[in-house]
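A short write-up of the structure that comes next.
All of the numbers you see were taken from the coordinates with simple rules; none came from a lab. It should be emphasised that the depicted structure is a prediction, and the values quoted were computed from it without experimental measurement. Neighbour counts are summed over all protein chains in view; Cβ atoms, including those assigned to glycine, are modelled from backbone coordinates with ideal geometry.
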Amino acid sequence: MAAERAPRPVWSRDFALFFVARALARLGDTILPVALAAGLLQYGYGVGAVGLAMAASAAPFAGLVVFGGVIADRFSTRKLMIGADLVRLVTQALTAGLFFAGHVVLWQICVIGAVNGVAGAVFQPGVASTVPRLATDVQGANGAIRIAESAAQLAGPALAGLLVAFASAGAVFAAHAGTYALSALCLLLLRLPPAVPGNHAQGGTFRADLVVGWREFRSRTWLWGVIVIWCVYMIFCWGPTVPLVATEVVQQYGPRAYGLVNSALGAGTVIGGLIALRLRPRRMLRVGAIALFAFACFPAAVGAGLGVWAMSAGAVIAGAGLSVWGVMWATSVQTQVAPDVLNRIHAYDVAGSLAMMPVGQALAGPAATLLGADHVLLVAGLMTLVVATALLSVPAIRGLVRVDTPASASASALVARPRPTAAKPAPVRRDHR
């Protein structure tokens, strides 16, 4: 018992392996869009084909990640993540072979993308439950991982651009396959402490596990409240910001300026991760929501046409605020939710968070045509302030008190330990703390 309660430092051998695996995964995620765009355009396909190829992967992921959460709670998350990496290693190696051979057919690329999306839906839910099993300092671990992912996001497009310029699109896909191989190797060497048995251990069916996950998600006001508000953020803020910033900056200042602005955003997320390593607020979501106000600087600076350096400064500030929010949110979910349902809760979180992003991206073009891209970006900045204010206006969100020890101990121990009295205790509602 004493050994189980002993603190696990952030920087252990096993966390370092997971840290590298996450950095490699994000590196691959940032390489892929460049590879698809450069490769398909080279073989005569248009922008619509590139979007279709990307959607072929995103749609299965968004549609199946909830089921992936149930699977992750029923089986070994580490083995599932390794299996998903190996599947994507094979598919991306096959894609590289198609480009090297000069036989590139859009429907084949889309099918491969769909398989990758399914593998990603199986992989992603296990990420949330792995962090608290590796380190007691969950916030510190999330901050370190956020820094690694941000650094990889900075390096990925540059690496992909170099490979396309000096080699070929096939080389980019080969490098992408290599990131999955190395990620799988890191996870294979990883030693995780035993997981808490899930509800399926009591004889539940797959459908029953899915229902339990939804019930747990719905019972936490702070959790579903954030997701509902985040849908608004995706439609009016992040969704239109990504394509419209790219369009505006490239058209007015050229692709190099856009690269600078995008790098500034990545640098800001690194800074935000470093800040989140030091901050230890009692009410994490309140601090995260306050930090989110900073994101308004990015679309507003571009919409106002303030110049490349001012846009870059706004991107740094925005990236830092968004990163602080991300660490506070991830840590809250991983410490407030019992481990036997954490994978399912995280799956609902991912699905809900990403569901409205394609809507925002799809509406960006018509809105820009009607109002002008600069005005849409200014509205995105204003709506960021509205979203952050909405997060702070919900008592269950702003009042949620941090839990330093992951919920694993209390979730399992409350069932096993004898009570001092025979009276049945009142249920604990974490969202009213």
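Scalar couplings 3J(HN,Hα) for the range 56-66, obtained by applying the Karplus form with A = 6.51, B = -1.76, C = 1.60 to θ = phi - 60°, are 4, 8, 5, 5, x, 4, 5, x, 10, 5, 5 Hz; x denotes Gly and Pro.
Here the Debye sum runs over all C-alpha atoms of the range 201-244 as equal scatterers in vacuum, and log10 of I(q)/I(0) at q = 0.27, 0.28, 0.34 Å⁻¹ comes out as -0.87, -0.90, -1.04. Compared with the dominant Cα axis of the chain, that is its longest principal axis, helix 169-189 is turned about 10°. A viscosity of 1.567 mPa s and a temperature of 4 °C, combined with the Kirkwood radius over C-alpha pairs in the Stokes-Einstein formula, give the range 231-272 a diffusion coefficient of 117 µm²/s.
Enter the mean projected area of the convex hull around the alpha-carbon atoms of the range 12-195, in nm², rounded to one decimal.
10.0 nm²
Between the range 142-160 and the range 170-191, the C-alpha centres lie 15 angstrom from each other.
As a rough guide to protection, the peptides 338-346, 367-375, 300-308 ranked by mean Cβ packing within 10 Å, highest first, stand as 338-346, 300-308, 367-375.
Taking the C-alpha atoms only, the angle from helix 339-355 to the longest principal axis of the chain is near 30 degrees. Distance between Cα centroids, the range 248-270 to the range 64-88: provide it in whole Å. That distance is 35 Å. Using Cβ point charges alone (K and R +1, D and E -1), the dipole size of the chain about the Cα centre works out to roughly 1560 debye. By how many degrees, 0 to 90 and rounded to 10, does the Cα axis of helix 125-134 deviate from the longest principal axis of the chain? Tilt relative to the chain: about 60 degrees.
Tell me the Kirkwood hydrodynamic radius of the range 209-402 in angstroms, computed as one over the mean inverse distance between distinct C-alpha pairs.
In the range 209-402 this quantity evaluates to 17.1 Å.
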